[in-house]
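Right, one structure below, let's go through it.
The values are calculated or read from the model by the stated rules, or taken from the named source; none is laboratory data. Model, not experiment: these values are computed from the prediction. Virtual Cβ from ideal backbone geometry, glycine too; neighbours counted across all protein chains shown.
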Amino acid sequence: MPTIVLGAGVVGTATAWYLRQSGHEVVLIDREAEAAMETSWGNGGVIHASEVEPWSQPGMPLKILRWLGQENAPMLLRYSAVPHILRWGVDFARNCTAQRFREHARANLDLALHSLRCLQKIGAETGIAYDRATRGVLKIYRSRDALDSAERSSEFLARFGLLFERISAERCVQIEPALKDTKSTLAGALYFARDEVGDSNKFAQGLAAACAARGVQCRFGETVQRVEATDSRVRAVLTDKDRLQTDTVVVALGSFTAPMLAQNGIRVPIYPVKGVSITFQRAGWNGAPNVPVIDDSKLFGIVPIGDRMRVSGSAEIAGYDATPALSRAQAIIDSASFTFPEMRHHFDFSKSRIWAGLRPVSAAGTPLIGETRIRGLWINAGHGHLGWTLSCGSGQLVVDLINGRNPGLSLPTQGAISRPAA
């Protein structure tokens, strides 16, 4: 019987790839007409070990409560969502200890570095064109205290493989001349030379085509209704078009993993957190950044992706509503225009794509990868803001576990799923 992957975002498509590479008969199902048309479409575009720290960190619960209902808050919790996130919120708060934060950051880093190697290998094998760039990433700071704190966090992760360099404001401008107009406001930056950029939508669609060419049955435009299980074992997948018998299912539905598996009595501690991006053509903006810049104080990232610029930011807890709010998009553009004043002369909302996606944020801030208590029912979801970064490594990791191999990586245990041994 085939192994069925639910969800053809970048995580699910990578999972299908590794399953087929290891000899499985594979069916990949997604409700959209193509791969990567939801959360994987318009993410920030960076494959970065520099952003592996989870959002579940010391002090964050109190910050979220102080920001409650504030439209300009970095992480906006809407009042309407409060009754629905209480249990997830308690789990989130429990993970906001210093020890768990460090443990989860290290686990994410291990997987991120592994995933980058996997991505590079797939790219070499398939020749997929996805606007890859390897200029590194700059994280700029306007406060020396904030820069010092970020350096201390990076120094901890450097013990486990993170490469970074602390640089001056002058060096920032040497690496990215577009910062010249606001150099006087900078305390300095951290430069992560190993981080890469790429279009995850293009990559996932290219990988889906490569999967199909190798025999994966890609069933797009088909909606999964439920996973059938009896006697604690997977039996079939029911869609709006068919009933497919199987004994192995990998659920890679991002934020929709939780409601899907709730039908099987499995609680998955994942909640959607909406992010916004604005994509526009860089034509005419000759001084646009060539290096991705993440602004710590203004809380946005600007990333050149091929012939486009993508500005992203915002975190909004508002249930499963993926409608982009113009006010949030405007706030992101205002922040980017402060850092890059020339942008005001080249940006036009009417010629831009305003997009929102639902980040599947786990309470621990690490993905859930493993088998549930139902035999043959696996999860590969909960990657939060790191879906593109962790996608390929997560795909290989879950396939190693399905095949009974030790992947050589460990992740913190999260409830109903098993983890590889350390």
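The criterion of at least 2 residues that are in contact (Cβ under 8 Å) with a residue 60 or more places away in the chain and of a type in the set (A, V, I, L, M) is met, among strands (runs of 3 or more DSSP E) falling completely within the stretch 102-201, by 137-141.
No other residue among Ala98, Ala105, Ala93 is among the hydrophobic types (A, V, I, L, M, F, W, C) and within 17 Å of the chain's Cα centre (by Cα) apart from Ala105.
Considering each of Ala169, Ala150 in turn, give the residue that is surrounded by 15 or more Cβ atoms within 10 Å (Cβ to Cβ) and farther than 28 Å from Pro58 by Cβ.
Numbers: Ala150 fails: farther than 28 Å from Pro58 by Cβ.
After ruling out the rest, the residue left standing is Ala169.
The C-beta contact set for the stretch 269-281 (first residue small (Gly, Ala, Ser), second residue assigned to a strand (DSSP E or B), distance under 6 angstrom, 6+ apart or interchain) comprises Gly275/Ser314; Gly275/Gly357; Gly275/Arg359; Ser277/Arg310; Ser277/Ser312; Ser277/Trp355. Scanning the stretch 284-308 for residues that are among the aliphatic types (A, V, I, L, M), farther than 23 Å from Ala146 by Cβ and touching a His at 6+ places or on another chain (Cβ under 9 Å) returns a single hit, Ala288. Only one of the numbered conditions (1) loosely packed, with under 13 Cβ neighbours inside 10 Å; (2) under 30 Å from Val10 (Cα atoms) is violated by Gly136, and that is (1).
For the structure I just gave you, tell me whether Ser200 is in contact with a helix residue (DSSP H, G or I) (Cβ under 7 Å, 6 or more places away or on another chain), buried (at least 18 other Cβ atoms within 10 Å of the Cβ) and of a type in the set (S, T, N, Q). In short, yes. Scanning the stretch 42-71 for residues that are more than 20 Å from the chain's Cα centre (by Cα) and surrounded by 12 or more Cβ atoms within 10 Å (Cβ to Cβ) yields Pro58, Pro61, Lys63, Ile64, Trp67, Leu68, Glu71.
In the stretch 220-232, what residues are assigned to a loop (DSSP other than H, G, I, E, B) and either among the charged types (D, E, K, R) or in contact with an Asp or Glu (Cβ under 6 Å, 6 or more places away or on another chain) (or both)? If you could, list the steps in order and put the result at the bottom.
From the stretch 220-232, those assigned to a loop (DSSP other than H, G, I, E, B) are 221-223, 231-232; that's our starting set.
Listed by number, the residues that qualify are Glu222, Thr223, Asp231.
The residues in the stretch 131-161 that are basic (Lys, Arg), out of contact with any Asp or Glu (no Cβ under 9 Å at 6 or more places or on another chain) and more than 22 Å from Thr339 (Cα to Cα) can be counted, and the count is 2.
On the given criteria, is Ser327 of a type outside the set (Asp, Glu), over 16 Å from Gly44 (Cα atoms), at pLDDT below 95 and surrounded by fewer than 21 Cβ atoms within 10 Å (Cβ to Cβ)? Before you say what the answer is, go through the steps one by one.
Working: of a type outside the set (Asp, Glu): yes; over 16 Å from Gly44 (Cα atoms): yes; at pLDDT below 95: yes; surrounded by fewer than 21 Cβ atoms within 10 Å (Cβ to Cβ): yes.
The answer is yes for Ser327.
Out of curiosity, is Ala236 surrounded by fewer than 17 Cβ atoms within 10 Å (Cβ to Cβ), among the hydrophobic types (A, V, I, L, M, F, W, C) and free of Cβ contacts under 8 Å to residues at least 12 places away in the same chain?
Working: surrounded by fewer than 17 Cβ atoms within 10 Å (Cβ to Cβ): no; among the hydrophobic types (A, V, I, L, M, F, W, C): yes; free of Cβ contacts under 8 Å to residues at least 12 places away in the same chain: yes.
No, not satisfied.
Out of the residues in the stretch 72-81 that are within 20 Å of Ser335 (Cα to Cα) and under 22 Å from the mean Cα position of the chain (by Cα), which is surrounded by the most Cβ atoms within 10 Å (Cβ to Cβ)? Restricting to residues being within 20 Å of Ser335 (Cα to Cα) and under 22 Å from the mean Cα position of the chain (by Cα), the top hit is Leu76.
Cβ-Cβ contacts under 9 Å between residues 6 or more apart (or on different chains), taken from a first residue in the stretch 69-92 that is among the hydroxyl-bearing types (Ser, Thr, Tyr) to a second residue that is not in a helix (DSSP H, G or I), are listed as Tyr79/Leu68; Tyr79/Gly69; Ser80/Ala318; Ser80/Gly319. What is the residue count in the stretch 204-233 for residues that are surrounded by 13 or more Cβ atoms within 10 Å (Cβ to Cβ), small (Gly, Ala, Ser) and under 17 Å from Asn264 (Cβ atoms)? Summing the residues that are surrounded by 13 or more Cβ atoms within 10 Å (Cβ to Cβ), small (Gly, Ala, Ser) and under 17 Å from Asn264 (Cβ atoms) in the stretch 204-233 gives 1.
Considering (1) part of a loop (DSSP other than H, G, I, E, B); (2) farther than 17 Å from Ala208 by Cβ, the lone condition that Leu62 does not fulfil carries the number (1). Taking the conditions (1) assigned to a strand (DSSP E or B); (2) in contact (Cβ under 8 Å) with a residue 60 or more places away in the chain in turn, Ser327 satisfies each one other than (1). For Ala35, the stated conditions hold: it is crowded, with 21+ Cβ neighbours inside 10 Å, assigned to a loop (DSSP other than H, G, I, E, B) and not aromatic (Phe, Trp, Tyr).
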